1. Quick check: anything in the stretch 42-65 touching a Leu at 6+ places or on another chain (Cβ under 6 Å), within 18 Å of Thr6 (Cβ to Cβ) and not in a strand (DSSP E or B)?
2. Got a number for residues in the stretch 31-52 being surrounded by fewer than 19 Cβ atoms within 10 Å (Cβ to Cβ) and within 16 Å of Gln112 (Cβ to Cβ)?
3. Search the stretch 165-199 for residues being of a type in the set (Lys, Arg) and within 15 Å of Phe110 (Cα to Cα), and hand back the single one that is modelled with the lowest pLDDT.
4. What are the pairs with Cβ atoms under 8 angstrom where one residue, in the stretch 28-57, is closer than 22 Å to Arg84 by Cβ and the other, located anywhere, is of a type in the set (D, E, K, R)? Sequence gap at least six, or different chains.
5. Could you give every pair whose Cβ atoms fall below 6 Å, whose first residue belongs to the stretch 111-130 and is within 15 Å of Trp25 (Cα to Cα) and modelled with pLDDT under 95, and whose second residue is of a type in the set (Gly, Ala, Ser) and in a helix (DSSP H, G or I), counting only separations of at least 6 or pairs across chains?
6. Among the residues of the stretch 46-88, what is the count of those that are of a type in the set (Lys, Arg) and modelled with pLDDT of 90 or more?
7. Ile107 passes all but one of (1) hydrophobic (A, V, I, L, M, F, W, C); (2) touching a residue at least 12 places away in the same chain (Cβ under 8 Å); (3) surrounded by fewer than 20 Cβ atoms within 10 Å (Cβ to Cβ); which number fails?
8. Within the stretch 14-29, can you find the residues that are within 20 Å of Leu69 (Cα to Cα) and not polar (S, T, N, Q)?
Amino acid sequence: MNLLYTAHVPAGDGPHPALLLLHGWGASAHDLVGLAPALHGGNALVLCPQGPLAFEAAPGMLGHGWFPLSTERPPIAAEVEAARDAIELFLDDALAAYPVDRARLVIGGFSQGGFMAYQIALRSPARFAGLMALSAWLPAALAREIPKQRAHAALPALVVHGTEDPLVPVERARESRDALLALGVPTEYREYPMAHEIRPEALQVVLEWLESRALRPGLA
């Protein structure tokens, strides 16, 4: 594998429904794997790669990211593309190494990880059974570069955001929702009175959406 990662591998030979979960800025491959026991009753293969960019998030604390993040400038296209290539290569290797039910493969991410999930899923919608974006954003300029595809209509998306998010204002999530709808992506959008986080009520919506829309056999 080209990226460090953590994995939750359920019992049995498979193939297993699978989730590729991408962490946010300053976190690590361990950040989202803790959700695995709750996802699909613990019976989904959960893969959590780690962003290749390492930096000191706090004194003595190492953080990771997918591309340099700055309040002073928007993401640079070449940096986003390099991160996207790294994640797609990781996914190719993971699909070869693990018994994945490719008809029930979901990609999701938190914050910067959700940004990357948008980029990957919307460019290759036929590859995924669902897209989750949690406290994330899809810049309008990048959304306009994504060609509309027939497969977008078969890619269910869940967008969850906090109305009190100080890092990614809720208006950016609403703009992301509108961009998804413009591409023809069937989108469920939820807001909660929370900050840059995943509260229990938001997680419950994630679990319900996965079972009813993305991981249920025959719906992918």
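1. yes
2. 1
3. Arg199
4. Filtered contacts from the stretch 28-57: Cys48/Asp31.
5. none
6. 1
7. All conditions pass for Ile107, except number (3).
8. Leu21, Leu22, His23, Gly24, Trp25, Gly26, Ala27, Ala29
The values are calculated or read from the model by the stated rules, or taken from the named source; none is laboratory data. If you're wondering where the values come from, they're calculated on a predicted model, not measured in any experiment. Note: ideal-geometry Cβ built from the backbone for every residue, glycine included; neighbour counts use all protein chains shown.
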